[in-house]
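Taking it in order: structure first as structure tokens, then the write-up.
The values are calculated or read from the model by the stated rules, or taken from the named source; none is laboratory data. Note that this is a predicted model, so its numbers are computed, not measured. Note that we place each Cβ from the backbone using ideal geometry, even for glycine, and neighbour counts take in every protein chain shown. Please note that ligands, DNA and RNA were not included when accessible areas were found on the heavy atoms of the full protein model with its side chains. Shrake-Rupley method; radii C 1.70, N 1.55, O 1.52, S 1.80 Å.
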Amino acid sequence: MALLFIPLYIKFLGIEAYGLIGLFMTMQALFMLLDMGLGATVNREMARLSVLPDKAQEMRDLVRSLEVIYWCIAVLIGIAVMILSSFIAGYWVRPKQLSPEVIRQAILIMGLAIAFQWPVSFYSGGLMGLQRQVLLNAVNTVVATFRWCGAALVLWLVSPTIYAFFFWQILVSLLHVLMTSLFLWRSLPATGKRSAFQGRIIFGVWRFAAGMSGITVLATILTQLDKIILSKMLSLEMFGYYTLAGVVATALYRLVGPVFSAVYPRMTQLASLGDQEELKRLYHRSCQFVAVLILPVSAVLVFFSHEILTIWTQNPVTAKNTHWLVSVLIIGTALNGLMHLPSALQLAFGWTKLGLYTNLVSVMILVPLIIVMTNLYGALGAAGVWVLLNCGYILIAAQIMYKRLLPAEKWRWYVQDITLPLAAAFLAAGAGKIFLCHAVLTQPMMLLSLVLISSFTLAMTVLAAPMIRSWLFNQLNGMRV
């Protein structure tokens, strides 16, 4: 939904106003610095306590205790955005058409939308820890339809202004937080007692929460610093193009996120029970499944970013200014997606130090590099640093992880879970690019060609992933019988 309606938002609002939407998404990500690891903590603790006896009341008290803290932070976030609105409008962004007053008022409205949306990650974490992913996905599907389709309708039928867009975000964010809150509390086991704030419970989980907080802070710096720098250095129009490229690249997380959400709580349960064999099987199946999901999409986007953007946006200027950014950012995001399951394995064992130290070293090295590369090469330079960062995660951080967790599985992960699917996907998509490189096609024919190349790329990637290939063949054999 978020991707589908972007061309309409740009059409109704213009690229500068869409740059404000990019600023809105960046601010949401930056305020996750204040999460302090609470979202990941409630996820892990719900999964861990759910397989232990007589922990129902502790689960309810834990949710109540963390919920109180989360809502207090949400209020502070809303106030902070409102206080900073004049500074951001007057001294940070660089508009050509929008006035500072329009931007200031839009940011004021943003503050309320961010404050209402922020606690959703907490309630979602609790539902995922209880393995209510199907329920959560149903809620998110409904909310996404209202948020993005509804915004397009509001801009079309009510008012084509950035104010209308953000007022609609407030309403949808309020709906989202109410729904996730209601369903989390109804999913908790009943005890007959009222849940209460318990300081001892907070003290009991502080170590894991502190580690997750450090990881979150540093990861947010690493993933958002390019946007912060570019929002200052580029015109609002060019920042809008970079935002568009970033939205396309981060759409990959829509594929890997549900797998992480489903697998992480189960990994936590298996780690708590000490079932190493089942944990290994789950880990490799999940890693290969993630590779099959994201690598074919990534390869096609890397090789055909210009064609896809042209068909999607129907705007040659937008495609010209965005396609190289999309190709580079997609590579980095695909590599990052492949590391999600190793990260889940670390968190399942409550091991946060590796992620914390890895991100700390990355910030120390790459923050200056981002600044230098942005100064030298602009947006494309910042995108290149994102690729370098994620290569380091796979080549260095993963090596350290396997010395402690599942050491005998390291090369199986590198070869079967990563290298074989990656090579198959990029060779297949690259062959498609060579085949079409000199062809002059109409848009319908190009779209048909992209569908065929994408299908071929997906098929080759599935065949290169041993566990997914075996599962698929078993399913096909079962259908024959």
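Out of all the residues in region 270-309, which are in contact with a Lys or Arg (Cβ under 6 Å, 6 or more places away or on another chain) and either closer than 22 Å to K320 by Cβ or among the hydrophobic types (A, V, I, L, M, F, W, C) (or both)?
Let us first name the residues in region 270-309 that are in contact with a Lys or Arg (Cβ under 6 Å, 6 or more places away or on another chain), namely 272, 303.
The one that is in contact with a Lys or Arg (Cβ under 6 Å, 6 or more places away or on another chain) and either closer than 22 Å to K320 by Cβ or among the hydrophobic types (A, V, I, L, M, F, W, C) (or both): F303.
Go through region 91-105 residue by residue and tally those that are in contact (Cβ under 8 Å) with a residue 60 or more places away in the chain and either charged (D, E, K, R) or crowded, with 16+ Cβ neighbours inside 10 Å (or both). Don't jump to the end; show me each part of the working.
Taking region 91-105 first, the residues in contact (Cβ under 8 Å) with a residue 60 or more places away in the chain are 92-98, 102-103.
Then keep just the ones that are either charged (D, E, K, R) or crowded, with 16+ Cβ neighbours inside 10 Å (or both); that gives 93-96, 98, 102-103.
Within region 91-105, residues that are in contact (Cβ under 8 Å) with a residue 60 or more places away in the chain and either charged (D, E, K, R) or crowded, with 16+ Cβ neighbours inside 10 Å (or both) number 7.
Within region 106-133, which residues are among the hydroxyl-bearing types (S, T, Y) and open to solvent by less than 10 Å² (accessible area, probe 1.4 Å)? Across region 106-133, the qualifying residue is only Y123. Only residues that are over 26 Å from L66 (Cα atoms) and in a helix (DSSP H, G or I) were counted across region 84-132, and they come to 19. Within region 278-285, one or more residues are in a helix (DSSP H, G or I), in contact with a Phe, Trp or Tyr (Cβ under 9 Å, 6 or more places away or on another chain) and either loosely packed, with under 15 Cβ neighbours inside 10 Å or of a type outside the set (S, T, Y) (or both). Among the residues in region 73-90, are any open to solvent by 40 Å² or more (accessible area, probe 1.4 Å) and in contact with a Lys or Arg (Cβ under 6 Å, 6 or more places away or on another chain)? Yes, there is a match, as at least one residue in region 73-90 is open to solvent by 40 Å² or more (accessible area, probe 1.4 Å) and in contact with a Lys or Arg (Cβ under 6 Å, 6 or more places away or on another chain). Of the residues making up region 400-409, none is under 22 Å from I294 (Cβ atoms) and open to solvent by 50 Å² or more (accessible area, probe 1.4 Å). Residue pairs whose Cβ atoms lie under 8 Å apart, sitting 6 or more positions apart in sequence or on different chains, and linking a residue in region 158-177 that is without any contact (Cβ under 8 Å) to a residue 40 or more places away in the chain and hydrophobic (A, V, I, L, M, F, W, C) to a partner that is surrounded by fewer than 22 Cβ atoms within 10 Å (Cβ to Cβ) and not in a helix (DSSP H, G or I), are A164/V158. For region 311-366, taking the residues that are part of a helix (DSSP H, G or I), aromatic (F, W, Y) and touching a residue at least 24 places away in the same chain (Cβ under 8 Å), the one that is most open to solvent (accessible area, probe 1.4 Å) is identified as W324.
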